[in-house]
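One structure is given here, and the rest of the page talks about it.
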Amino acid sequence: MRGNDAIRLSPWSLTAPARLAAGCGGLVLAALATLLWSGNLVAARGLRDAVPPVSLAFWRCLVAAVSMAPWATGQMRLQAPLVRRHLGRLAFLGFSGIAVYTVMVYTAAHTTVATNMSLMAVSASVFILLLSRLLRGQRLGLSRIVGSGLALAGVAFLVTRGQWHAVSPHPGDLWMLGATLIFAYYSLLVRDVHKYLNGATVLLTAFLSALVFLLPCYLLELALVGGFPVTGPVLASLGYVGALSSAAAYFCWNQAVARIGAARAGLVYYLLPAFTALLGNWLLKEPLADGQLFSMALITAGILLGLRSAPVQSAPYHVPPATSQGKKSPS
């Protein structure tokens, strides 16, 4: 069979054992992608005293773009006319969803713990629902309204640490909350792009656009703050956040969505706070407080309730993992 003559087998055309194997493999891949993304938050905390936020964002995008180039450049060339036609929109996506978002996340890592960051990140799904209602008039049923309320209550408890009478949130929590809102708005905009371009093209173009915006900021930070120590651990961490938590994680997620569907893979993504808490405790010795557990329960319950009758949103980091199929996956 050649080209378009090839028959694409759906999971339901497989035998029962083959479907079971594909499903188990898909769950493992989804969990692996989520684990890699949680490692990005932990790495941000670990590098906070060594690498400034803009420098970290710049080198992450550069390593990610270089890692993707061998398998994404060909697809990007095939869609070059469409890339030129939508270049303005792609540049804005790279600016907002990668450059600004990533710098804010890495800035947040200086004054809040990794678990708080992950809880804010998964709450993006609820903010996407709310912005869909406010900006696009999407109707919200009762379950979504109640679920959004629960998740927002969890975020509020996390930011205020339960001190409603004397609110003094950590700056990092506010940075991460702002980043989450930016990502939610970005997620609404990115859906339209996938009507014309495949996932590899969007992702590589977004990283390249982000580099254009980050380069002058990186040079300014370099002049004002200075560079960072070029040590083995720092280089290994930069390689991780660029190659593994970007290119490799999205590859695993794409394969998971192809095997088990976006909705089921999206549910696995909500393990992000648990993975981040475990890694933060293990690698950074960050304790898990009772307030964080309470916020985690509220946010998780709200997300599951609010998204019960809605398409599950994608993992909150930049470009939706399921873009290779031209659809928004369940960051």
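The values are calculated or read from the model by the stated rules, or taken from the named source; none is laboratory data. Given the structure is predicted, the values throughout are model-derived calculations rather than measurements. Positions of Cβ are backbone-derived with ideal geometry, glycine not excepted, and every protein chain shown enters the neighbour counts.
Screening Gly302 with (1) under 14 Å from the mean Cα position of the chain (by Cα); (2) modelled with pLDDT of 75 or more; (3) buried (at least 23 other Cβ atoms within 10 Å of the Cβ) gives one miss only, at (1).
The set of residues from segment 107-159 being closer than 22 Å to Leu35 by Cα, not in a helix (DSSP H, G or I) and not aliphatic (A, V, I, L, M) comprises His110, Thr112, Ser123.
The rows are residues; the columns are (1) under 13 Å from the mean Cα position of the chain (by Cα); (2) part of a helix (DSSP H, G or I); (3) modelled with pLDDT of 85 or more; (4) of a type in the set (Lys, Arg).
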{"position": "Ser245", "(1), (2), (3), (4)": "yes, yes, yes, no"}
{"position": "Tyr250", "(1), (2), (3), (4)": "yes, yes, no, no"}
{"position": "Gln255", "(1), (2), (3), (4)": "no, yes, no, no"}
{"position": "Arg259", "(1), (2), (3), (4)": "no, yes, no, yes"}
{"position": "Ala265", "(1), (2), (3), (4)": "no, yes, no, no"}
{"position": "Ala274", "(1), (2), (3), (4)": "no, yes, no, no"}
{"position": "Leu279", "(1), (2), (3), (4)": "no, yes, yes, no"}
{"position": "Trp282", "(1), (2), (3), (4)": "no, yes, yes, no"}
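In segment 170-187, which residues are touching a Pro at 6+ places or on another chain (Cβ under 9 Å) and surrounded by fewer than 23 Cβ atoms within 10 Å (Cβ to Cβ)? The answer is Leu177, Ala184.
In the condition set (1) crowded, with 23+ Cβ neighbours inside 10 Å; (2) in contact with a helix residue (DSSP H, G or I) (Cβ under 6 Å, 6 or more places away or on another chain); (3) modelled with pLDDT of 90 or more, Val51 is compliant with all but (2). Name the single residue that is farthest from Phe127 (Cα to Cα) among those in segment 188-247 being of a type in the set (A, V, I, L, M) and loosely packed, with under 12 Cβ neighbours inside 10 Å. The qualifying residue farthest from Phe127 (Cα to Cα) is Val230.
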